[in-house]
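The values are calculated or read from the model by the stated rules, or taken from the named source; none is laboratory data. Because the structure is predicted, anything quoted here is derived from the model rather than measured. Virtual Cβ from ideal backbone geometry, glycine too; neighbours counted across all protein chains shown.
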Amino acid sequence: MPRSRDEYFTITVVSIALFIFFHNFFFFYLLLVVAALPFISYFVSRYVWNRLEVTAAIPLYNVGENNDIPVEFTVHNPTFLPLPGVRIQFTADNRFYPNEEKQEMSLPIRKGTNKYTWNIKSVYSGYVGLHGGKMRAQDFMGLFVFKRDWECDAGVSVIPGRSEVIMNIIETTLTEGDEHDYDSGLSTENVSQVKEFRLYRPGDRMQRVNWKISARHDEIYVKEFELEYSRNLTLLVELRKDSDEVGFLNELITAFYSAACQLIDMEIRFSVQWFNSSLGAFQSQNVEEADGLNDVLQQLYMSDSYNGYLAYEHYKELPHGRNDMAIYFTSPSFSDYNPDNKLGTFRESVDLICLL
């Protein structure tokens with residue numbers, strides 16, 4: 001803009017000099033046109049600016065971790081006049097951690113309705129929201145600046161990746177002893193949730209392959225699971241603040257999500273329990289399929305982390321039967337458990353502990 005003003009000032013000075021030197025009507029009219037241009041530019045641009053509408057939306061319901069998140073901007077100009085462009089300031093933040101990043105982009109203003117796509121990226125899982133800031137534009141000559149607040153509220157859930165390590169831990173925990181029972185010819189309906197071992201068919205998940213039995217028979221065998229699980233299984237999630245809060249929470253959610261996906265693949269019903277510090281309440285929700293798991297993720301993303309082990313403290317106060325079992329996701333600093341019940345550690349950040 002300073003350059004535009006300098007250029008206009010130079011043209012004005014030259015027009016005045018030409019009129020004084022030649023002193024004729026042509027340069028007089030030229031001087032009038034030069035003097036009137038800023039007023040014309042201001043009022044015409046203001047007319048377009050007052051009718052201009054800019055909106056933003058994220059067309060996806062959720063997106064995978066470390067993927068681009070497309071933000072669709074719609075610029076609606078009902079007039080027949082364009083503008084040089086409009087600059088949009090907005091903030092992208094992750095509600096779960098939290099963190100935020102301010103961004104700015106420039107959009108051309110053409111007549112009619114036009115759409116533009118801008119990609120943002122979330123390194124961590126969580127709920128990524130888009131919030132408006134300021135919107136500004138210049139007139140045709142670049143002499144004036146128009147500003148106003150720009151409101152926007154769009155968001156998308158970033159789904160964690162699946163960890164094969166966690167999925168194998170869960171399957172091994174729930175099907176321990178299958179190989180012995182199979183080789184001895186015993187029924188496994190009550191020992192584990194494996195109904196039978198059968199030959200591999202195209203489309204079977206590799207996680208269901210039992211390599212020990214496959215090696216003995218020189219053919220690939222997979223586990224066929226029962227539809228019902230004999231235990232009341234709970235995934236207990238501790239949204240605890242840790243020394244590396246962002247990294248810990250991200251690993252925690254990844255471990256939990258991987259375990260939940262494995263249970264869904266095994267057709268095992270389970271519940272998820274956690275402490276919601278935002279509401280000051282211990283929450284529980286049953287999950288049977290992927291949609292229910294995504295709903296739980298949304299609620300976890302909207303919860304705040306906290307100090308201590310509030311989820312565990314609330315869980316142990318509840319009455320539990322002999323058939324109840326919980327898999328507890330917490331930090332390695334948690335010590336109030338029997339070491340023999342530790343199922344494993346995920347990326348040195350998250351411990352999986354069996355609570356009976």
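Brief remarks follow.
- If you go through region 133-163 and pick out every residue that is among the acidic types (Asp, Glu) and modelled with pLDDT of 90 or more, you end up with 2.
- In region 264-285, the residues that are of a type outside the set (Asp, Glu) and farther than 12 Å from Leu300 by Cβ: Ile264, Met266, Ile268, Arg269, Phe270, Ser271, Leu279, Gly280, Ala281, Phe282, Ser284
- Residue match in region 340-353 (condition: within 14 Å of Thr234 (Cβ to Cβ) and free of Cβ contacts under 8 Å to residues at least 12 places away in the same chain): no
- Residue that is in contact with a Ser or Thr (Cβ under 8 Å, 6 or more places away or on another chain) and among the hydroxyl-bearing types (Ser, Thr, Tyr), where the choices are Tyr42, Tyr47: Tyr47
- Odd one out for Val71 among (1) buried (at least 17 other Cβ atoms within 10 Å of the Cβ); (2) more than 23 Å from Phe43 (Cβ to Cβ); (3) without any contact (Cβ under 8 Å) to a residue 60 or more places away in the chain: (3)
- Residue satisfying condition, being over 30 Å from Arg162 (Cβ atoms), of a type outside the set (Phe, Trp, Tyr), surrounded by 14 or more Cβ atoms within 10 Å (Cβ to Cβ) and over 52 Å from the mean Cα position of the chain (by Cα), within set Leu32, Leu18: Leu18
- Taking the criterion of being of a type in the set (D, E, K, R) and at pLDDT below 90, the only residue of region 112-127 that qualifies is Lys121.
- Residue satisfying all of: in region 113-131; over 30 Å from Gly247 (Cβ atoms) and not β-branched (Val, Ile, Thr); surrounded by the fewest Cβ atoms within 10 Å (Cβ to Cβ) among these: Lys115
- Contact map, region 241-270: first residue farther than 19 Å from Ala326 by Cβ, second residue part of a helix (DSSP H, G or I) and at pLDDT below 90, Cβ cut-off under 7 Å, separation 6 or more or different chains; pairs are Asp242/Phe248.
- Residue ID - surrounded by the fewest Cβ atoms within 10 Å (Cβ to Cβ), chosen from residues in region 250-298 that are under 21 Å from Gly129 (Cα atoms) and either in contact with a helix residue (DSSP H, G or I) (Cβ under 6 Å, 6 or more places away or on another chain) or among the small types (Gly, Ala, Ser) (or both): Ser278
- Selection of strands (runs of 3 or more DSSP E) fully inside region 249-356 by the criterion of at least 3 residues being of a type outside the set (Gly, Ala, Ser) and in contact with a Cys (Cβ under 9 Å, 6 or more places away or on another chain) returns 324-330.
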